[in-house]
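The values are calculated or read from the model by the stated rules, or taken from the named source; none is laboratory data. Computed from a prediction, not measured in an experiment: that's the story for all the values here. Cβ placement follows ideal geometry from the backbone for every residue including glycine, while neighbour counts extend to all protein chains displayed.
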Amino acid sequence: MSLNDRLRQRILRLSLVDKRVLRDWLSTLIEAEETAPALPSAKSEREVVEQQQVGRAVYQLELIKCGKANCRCASGKLHGPYWYGYRRENGKLKSWYIGKRLKLEETDSQTNELD
Ligand SMILES: [Zn+2]
């Protein structure tokens, strides 16, 4: 029996009241996860200078390490700082490049999907 089957059996045995409580709790949980501020993964070589949360998006002023071995950033002179936007959409983390000055509008053509 998989975890899913056992879970289903337990849920089936709950009272109507408990099922309602479970449903409300789940929807709160899902809502929180879907609207959680999206942040870049820790593996990225970037240093966050400033951070702003606007609605469901997070804007970060970042110093970037491009990763090229013979670039100036390899010896500590990082690129930028540049503003990036991050947002979670249908569970996926989306990011977009803004530039040296923070602009809060976003266009779809600039949006990348990250995993
Ligand atoms: Zn570089």
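Note on segment 68-95: among residues that are touching a helix residue (DSSP H, G or I) at 6+ places or on another chain (Cβ under 8 Å) and modelled with pLDDT under 90, the one that is surrounded by the most Cβ atoms within 10 Å (Cβ to Cβ) is Arg88. For segment 74-94, taking the residues that are of a type in the set (Gly, Ala, Ser) and out of contact with any Leu (no Cβ under 6 Å at 6 or more places or on another chain), the one that is farthest from the ligand (Cβ to nearest atom) is identified as Gly91. Please enumerate the residues belonging to segment 1-26 that are of a type in the set (Gly, Ala, Ser) and at pLDDT below 90. Result: Ser2, single match.
Looking across segment 64-73 at every residue that is outside any loop (DSSP other than H, G, I, E, B) and near the ligand (Cβ under 7 Å from one of its atoms), the one that is nearest to Glu47 (Cα to Cα) is identified as Cys73.
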